[in-house]
Amino acid sequence: MAAPRTNNPLDRGRPLLEREQALTVLDRCVAEATASSGSICLISGEAGIGKTSLVRHAASRSAGTVRWISGGCDPLFTPRALGPLHDIARQTGGVLAERLFTGASKESIAAGLLDTIDGEHQPTVLVIEDLHWADEATLDLLLFVGRRIASRPAALVVTYRDDESASDSLFHATIGAFPPEVVSRIPLTPLSPRAVAALAARAGRAAVGLHEATRGNPFFVTEMLAGDGREITPTIRDAVLARTRFLSVAAREALDVVAVIPRAAEVHFVERQLGIDLAVVREAVLAGLLVVDGRTIAFRHDLARRAIEGSADALRHRALHERVLAALVDGRETIGDIPLARLVHHAHAASDGDAVCRYAPQAAREAVAASAHREALRHFELALAYSARLPDELRAELLEGWSVEAYLSGRTTEAIAARQEALAIWIAATRHDRAGACLRWLSRLHWWAGDPVNAERAGEEAVRVLDTLGPGHELAMAYSNLSQLNMLAGRHDAAIAWGERATTMARAIGDPEALAHALANVGGARIQRHDDGGADLLEEAFTLASEAHLDDHAQRALVILATLRLDHRDYDRAEPAFERALGYAEAHDLYAYSQYLGGQRARMQLERGAWELAEREARRILSQREYPGVTTIPALVVLGTIQARRGDPEATDTLARARERAYRTRELQRVGPTAAAVAEHAWLDGDLATAVAELEPALEMARRVGHEWLIGELAFQLQRAGRGVNSAGAADPWRLLLDGQWRESAAAWKAIGCPYESAEALSQGDELAMREALAAFDSLGAVRRARVLRRRMRESGLRVPVGPRRATRANRAGLTSRQMDVLRLVTDGCTNQEIADRLNLAPKTVDHHVSAILEKLGASTRRAAASTARRRGLVTGEK
């Protein structure tokens, strides 16, 4: 990282003011890299706060001992997919550059970046600047690297604006998913009046009114002090424009042109294609507005670029973009790698619809290849805005592309509308092949939107249309789609029949994708019919898909196998199945599947009595980026169930979120567990009417599908709410309980390994059994459920045992005695330094204890941890 050349007298080797602690943290991250103990440093703050200056200062301090490589994100209308990696590849060359420039897969590029980090004989610091402007693919890739950096001689340093990124949930989910044990955060704050006065003294200027005008923003302070000193300008824009007063007309023209090029322009492009004399550029450099690092020309800060860009009127702004676009198009032959996103940016700003329609679809496809779905969506969206000039069939292709990316971005309703518009075009053009494929996609979209009726209608219509064309990939997939819909609806015979039609055709035409998809459907349906031959089909589907590098289909087969084992409470086989499925998802960066599987594993932990583990896993999942569809439903149900049984006030909101997502699908596997959790929450409150309203339709659905475990759970809860039910079709432990054989039911649940359900059975028995149930509820932390049982025992005239002691509750939270000491002081509002002083511990040790406490309590902040500790009785209010 070369430091920018500038004539600013404040930058001449002076130490950074009020950044000593920040530099210490950043230096520590670099030092950890030299010790092969990788780390991540997140530097945040408002624009102009000094993030880049901090990084450059740290780089200069470790020059020669550490390799620094950097890339930045551009403020384009739609960011370039993997933009920062292209910057890095130009610096490093090698395998990363080769894979990027040949359009290799996302996984191959990620591996290339790791090879680049590992490939040198000295530690590497990888800097990504302005991550708040990052594309989706870059965020995914950084998460990949961040999860693997701990054992490497490397540090990942990220800068971002906390003002501009506040509303970007994907950005925040990404940085929140970095392993907390390797993350250090450096939030930069404005300079104090004292520091601003010191800067003014360096410049030989008076400091009166300077801090109030700049609010301590270092860039603004610097711009003020670089002026002529006659007055304090009211805005950064005014301060920047003041520097241009004495520039020549040619230099001001050059500034205007460079200002519409986000981030940086190549020197050769400015000189050759734009025809700007570098002597003119030097004039702007000497004025402290531009910097040249040998390869690129850029503004000293993006705030300055925006100030110059914003000073042009609308017509001038459009003309500048037209000039840059023409130069880029002209230079593609000689310059080579000009990002398509950059062409689209200037075409849109110039209102050049033909150019947008030419380059935006190409940029969208490039983004799709990099898994930057958010950016692909924007490119398709932009092309569609200008698509009235295109032939209908090209417009239909844009609509289909936009529909896929909208679906992947969670905008299902709009995705359906776009597909329907495309379908109308294909039907009018008598393109039965495209119409059939479109109908199959509509079927999937309707299912995803929770509309099984229209999903099946579109699926059946797809088969009818494609059947007229004979065997082929689309028809085989249409058969398999109907198989999947029937499997999900619990219609096992129909699922198997359609799936076998699909497998027969797929084998005949040599189509591994359709074959793997259909085998998974048939395998899942057969397991639900208690036919273990289904597991063999799922294994065949997995092997076939993985050998063909169809990662999504391979993962789907493993997910079906694991979740169906869990549905049948076959924990001995479910546990290794989940480990295998999660291992595959992690190895192939299938984050949405990871999220779903993690929630299902948390459900298994909950059922087996490991509530602390289940809660921790559920909270971890819910703190991540949420993918479209059903991925977070299991985690929400698990967390909501624990909160309800424990008596946490958040239970209502958590279960409402689960209900809204689950009921939209109209599928038993989502609706059944959610209805059970919501009904139990209502029953614990004494709200029997709500419990019954949730349970009756869910039980009817479970009976229709024949799901014996859900039949039993829902019927028991309905019986407990005062409704008469029969035990027909229920799994044995539930059937025994429904028939009044509580002792046998408790034993059956204990044999399976489900302590809460065993306690529920005992709670229906005699006094001794109720006491045993109460002890089990207390041990699990089911405070609210225990309270209901204690009340019932009192009303029956029975002697009620006292509740658990606080020490027992703390132990159940998994806190050590030292962590309890730290937690009490955190609850009292002490800082880490104060805790270290009072407990005679090193501050870093306190840091580790606080991090462990937050994780064990499932809290994201100290305040949340204190609130949780009080609510759960781990601490009291005394000092």
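Summed over the residues of region 600-651 and divided among them, the accessible surface reaches 29 Å² per residue at a probe radius of 1.4 Å.
Can you tell me the relative contact order of the chain? Whole percent, Cα pairs under 8 Å, sequence separation 6 or more.
Working: 1376 pairs, mean separation 59.8, N = 879.
Relative contact order, the chain: 7 percent.
Between helix 668-684 and the chain there is an angle of about 80 degrees, using the helix long axis and the longest principal axis of the Cα atoms.
Treating only the Cβ atoms of Lys and Arg (+1) and Asp and Glu (-1) as charged, compute the dipole magnitude of the chain about its Cα centre; round to the nearest 20 debye. The partial results should precede the final answer.
Numbers: 109 positive and 115 negative charges, 603 e Å.
The calculated dipole for the chain is roughly 2900 debye.
Electrostatic tally near Q741: other residues with Cβ closer than 13 Å to its Cβ, Lys and Arg +1, Asp and Glu -1, net -1.
Under 37 °C and 0.692 mPa s, how fast does the chain diffuse according to Stokes-Einstein, given a Kirkwood radius computed over C-alpha pairs? Answer in µm²/s, whole number. So the translational diffusion coefficient is about 107 µm²/s. Surface composition of region 280-374: carbon plus sulfur atoms contribute 51% of the solvent-accessible area (1.4 Å probe, protein chains only, all chains present). For the chain, the residue among H848, A437, A314 whose Cα projects farthest onto the positive side of the dipole built from Cβ charges is H848.
Annotation for region 540-590 versus region 661-737: alpha-carbon center distance of 28 Å.
In this structure, the amide hydrogen of L874, modeled 1.01 Å from its nitrogen in the peptide plane, lies closer than 5 angstrom to no residue at least 5 positions away or on a different chain.
How would T468, T827, T34 line up by accessible area, probe 1.4 Å, largest first? Please list the in-between numbers first.
Working: T468 105, T827 15, T34 75 Å².
From most exposed to least exposed: T468, T34, T827.
In this structure, the amide hydrogen of V125, modeled 1.01 Å from its nitrogen in the peptide plane, lies closer than 5 angstrom to those of R67, W68, I69, A155, counting only residues at least 5 positions away or on a different chain.
Over the residues of the chain, the helix contribution to mean residue ellipticity at 222 nm works out to -20500 deg cm²/dmol, using -39500 (n - 2.57) for each DSSP H run of at least 4.
Annotation: T816 carries an accessible surface of approximately 60 Å², with a 1.4 Å probe and no ligand, DNA or RNA atoms counted.
Which value, in debye to the nearest 20, gives the size of the charge dipole of region 362-419 about its Cα centre, when Lys and Arg are +1 and Asp and Glu are -1 at the Cβ?
Values: 7 positive and 9 negative charges, 26 e Å.
About 120 debye.
Using a probe of 1.4 angstrom, how much of the accessible area of region 401-554 is carbon and sulfur, in percent? C and S fraction of accessible area: 53 percent.
Heavy atoms only, probe 1.4 Å: what % of the accessible area of region 616-773 goes to carbon and sulfur, would you let me know? Before the final figure, lay out the partial values.
Values: 2990 of 6020 Å².
Heavy-atom surface of region 616-773 belonging to carbon and sulfur, 1.4 Å probe: 50 percent.
Accessible area per residue for region 369-455, computed on protein heavy atoms with a 1.4 Å probe, is 40 Å².
So, with +1 on the Cβ of K and R and -1 on the Cβ of D and E, and no other charges, what is the size of the charge dipole of region 348-471 about its Cα centre, to the nearest 20 debye?
Numbers: 14 positive and 18 negative charges, 16 e Å.
The dipole magnitude comes to about 80 debye.
If you count the DSSP beta bridges with both ends in the chain, what percent of them are antiparallel, to the nearest 5? Let's see the in-between values first.
Values: 5 of 28 bridges.
Within the chain, antiparallel bridges account for around 20 percent of the total.
Give the accessible surface of region 163-321 per residue, rounded to a whole number of Å², with probe radius 1.4 Å and ligands, DNA and RNA excluded. Could the numbers behind the result be given before it?
Values: 7460 Å² over 159 residues.
Per residue, region 163-321 has an accessible area of 47 Å².
Other residues whose C-beta falls under 14 angstrom from the C-beta of V356 contribute a net charge of +2, scoring Lys and Arg +1 and Asp and Glu -1. Size descriptors for region 536-635, from the alpha-carbon set: Rg then Dmax equal 13.2, 40 Å.
Axis of helix 783-795 versus longest Cα principal axis of the chain: the two differ by about 30°, to the nearest ten degrees. Helix 314-335 sits at what angle to the longest principal axis of the chain, using alpha carbons and giving 0 to 90 degrees rounded to 10? So the inclination is approximately 90 degrees. Counting heavy atoms of the protein chains alone, T543 has an accessible area of about 60 Å² for a 1.4 Å probe. Over all other residues within a Cβ to Cβ distance under 14 Å of S860, the charged ones net out to +4, with Lys and Arg as +1 and Asp and Glu as -1.
The values are calculated or read from the model by the stated rules, or taken from the named source; none is laboratory data. For clarity, every value in this text was computed on a predicted model and none was experimentally measured. Don't worry about glycine lacking a Cβ; one is built from the backbone with ideal geometry, like all the others, and counts go over all protein chains shown. What goes into the accessible areas is simple: the full protein's heavy atoms, side chains included, and nothing from ligands, DNA or RNA. Shrake-Rupley method; radii C 1.70, N 1.55, O 1.52, S 1.80 Å.
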